[in-house]
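Below are the structure tokens for one structure; questions will follow.
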Amino acid sequence: MLEEAHVRVETPSGLDNIGCMQKQPVIHDGASNAFVHKHASCIQGVLSGFDRLRMRGSLRQLYGPQVMEAYLNACHILIKDFGQLVERTTKAVKDKARALAEKAGRPFLFVPSSQTSKEDLARKIAARDKITGGLIAILNCVEPCMSFQVVRNPQTKHIEVKVQARKCGHLYFYFDHPTFGFMHLRLQTWFPFRVDVCLNGRHWLGKQLDQAGVAYQKKENTFLRVADLERAQALLDQQLKTDWPQELGRLLDQVHPLHRSICRPLNLKYYWSASESEYATDVMFQDPDSLARLYPSLVHHAISSFSCADVMRFLGRYVPISTGKVYGQFQGEIISDTKRRLEGVRVKHSLNGNSIKFYDKQGWVLRVETTVVRPEEFKTWRRPEGRPKEAKRWLPLRRGVADMQRRAEICHRANERYLQALGCASGTVPLFQWVQKCCKPLTQASRRYRGLNPWAPEDGSLLELVNQGQFALNGFRNRDIRQSYFTSRCDEQETKRRMGWIGRRLRLFRAHGLIAKVSGTHRYVVTDKGRTTITALLAARKADVDQLTKLAA
């Protein structure tokens, strides 16, 4: 999302010595450690959490025409009189909104053009009137929506209610909320009265830091410095434990008090979901010059080195080791592009509507951000809906707010993998110095292990396999590697031989510190050192000779 041209700086009191607040980088756990450790001298720390969130409240039962007709029956309204019900209800909804604006002493404005940025207008009103809390303004506009239309069925010759794309009035309620900070709600004023709640986790964090008495420096939705980064990260983690139905229900009661009477005929309730989410990992640099020196190499590496398979791995998708290419039956689309923004260059990779990108925020922060629009592309360990007695299994991630913590975990791991890949190319340590130990023999517990040869087909293929995105969250077993490495069927004796062969290679990787055993299980995970080393080796395996020759020259 492109940032506005104007910049608002928030510097609470108590931040006089802001340049000396952090002596050592404060790091959130995960693979991003490798990137931060490599540039520790110019980084003050990392903050990870939700950025922009679009939550949606809908009376989803009403989108079924039969349910809508049942609703009209419960209201004792004929289908031919549906228009009268809509006009009466819509007028009541708008009257309540005007009353809210009048009570707060805030403007109720009609926005005639879709070219007008409602957020910019709300910010100008807040700055003009020096609003520091509460309602800023209510904006009324006409926009496309999915609503109902009474149509004639050519087959039955009867009129019926049908969901169609059309336009209707929408109300935008802009707040400087005491909990969420700058935010807005968008209310559709026609049936079925959909609500969109748009908030930002960084504005939310600002309110949390204010309440905790922690000083900070902030531009728009970016923290440049925080007096206590560990406390700030704890507050971001606390956001994940939000009771979303309760919090969103309070907002709904405030802007749409008629929803209870509208829902009463069929005892309906709003269903809350996350229609779009952005989870950001901010690497906070000590000064803009440090990031400016590093950033061009990151952009070059991302565009020249990250393949479609890499993008799939970043977003937790599987790529077969036998070919290193995307499955033939994969029907999606992978796009990598760059875009020049006011602040610099943004690099973005998209996969089936979801994306991961990085850019330099305000010149001080390297932000890696995963955007989820289609959560069903990911998996979560849960029971099937409506069947609480069934065993848990891997099922698609839901749009509902019940899976928000899992959504955050998936996005956090994606950001870690991306930062890890960037870290392998952005440092000043030559490749041979980083990997020379794992390419030499070593002795451990009186047992000698050979060095690795990443350019040999055997070692190279196994390194690619253990580095697959599907193993990033839950690790892998001997069986997982064996079934992917050996594609042909075999008898029981050959299976045992293959099991032993893979086991010996895994012990070799463990000895070199590339993988670690998960205590009490048969699973292995790639270590931070292993992730960096393997990614660097795989990038070197794929490097173009002509490009390397030019770099050497």
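Efficiency by 1/(1 + (r/R0)^6): what FRET value for residue 440 and residue 80, r their Cβ-Cβ distance, R0 = 60 Å, to the nearest 0.05?
That gives a FRET efficiency of 0.10.
Pick out, from 273, 363, 168, the residue whose Cα sits farthest towards the positive end of the charge dipole of the chain, with +1 on the Cβ of Lys and Arg and -1 on the Cβ of Asp and Glu.
273
Applying 1/(1 + (r/R0)^6) with R0 = 60 Å to the Cβ-Cβ distance of residue 495 and residue 92, what FRET efficiency is obtained, to the nearest 0.05?
0.25
What's the Kirkwood radius of the range 211-296 in Å, using all Cα pairs?
Evaluated on the range 211-296, it is 17.0 Å.
Could you grab the Rg to Rh ratio for the chain? Cα atoms only, Kirkwood for Rh.
1.03
How would you rank 413, 523, 489, 393, going from fewest to most other Cβ atoms within 10 Å of each one's own Cβ?
With the sparsest Cβ surroundings first, the list reads 489, 393, 523, 413.
Taking 0.36 nm per residue of sequence separation and subtracting the Cα-Cα distance, how much length would be gained by fully extending the chain between residue 70 and residue 162, in nm to one decimal?
31.8 nm
Give, rounded to the nearest 20 debye, the magnitude of the charge dipole that the chain has about its Cα centre when Lys and Arg contribute +1 at Cβ and Asp and Glu contribute -1 at Cβ.
For this selection, approximately 1540 debye.
Listing 537, 258, 268 from the residue with the fewest other Cβ atoms within 10 Å to the one with the most, what is the order?
In order of increasing Cβ crowding within 10 Å: 258, 268, 537.
Given axes a ≥ b ≥ c from the Cα gyration tensor, I'd like to know whether the range 111-234 is rounded (a/c under 1.5), prolate (a/b larger than b/c) or oblate.
Prolate shape, in that a/c is at least 1.5 and a/b is the bigger ratio.
Oh, and also: When the chain is fully extended, how far beyond the present Cα-Cα distance does residue 54 get from residue 297, taking 0.36 nm per residue of separation?
Net length gain for the segment: 84.2 nm.
State the antiparallel share, in %, of DSSP beta bridges confined to the chain, rounding to the nearest 5.
Percent antiparallel among DSSP bridges in the chain is about 95.
Same structure, new question: Can you put 315, 59 in order of Cβ neighbours within 10 angstrom, beginning with the fewest?
The most exposed by this proxy come first: 59, 315.
Cross-link candidates for residue 379: which lysines have Cα within less than 18 Å, leaving aside residues fewer than 8 places away along the same chain?
Straight-line reach from residue 379, under 18 Å: 392.
Check the straight Cα-Cα distances from residue 207 and name the lysines below 21 Å, setting aside those fewer than 8 residues away within the same chain.
124, 130, 218, 219, 241, 361
Go through 497-503, 299-305 and give me the packing order, highest mean Cβ count within 10 Å leading.
Top of the packing list down: 299-305, 497-503.
Values in this text are rule-based calculations from the coordinates and carry no lab data. These figures come from a predicted structure and were not determined experimentally. Note: ideal-geometry Cβ built from the backbone for every residue, glycine included; neighbour counts use all protein chains shown.
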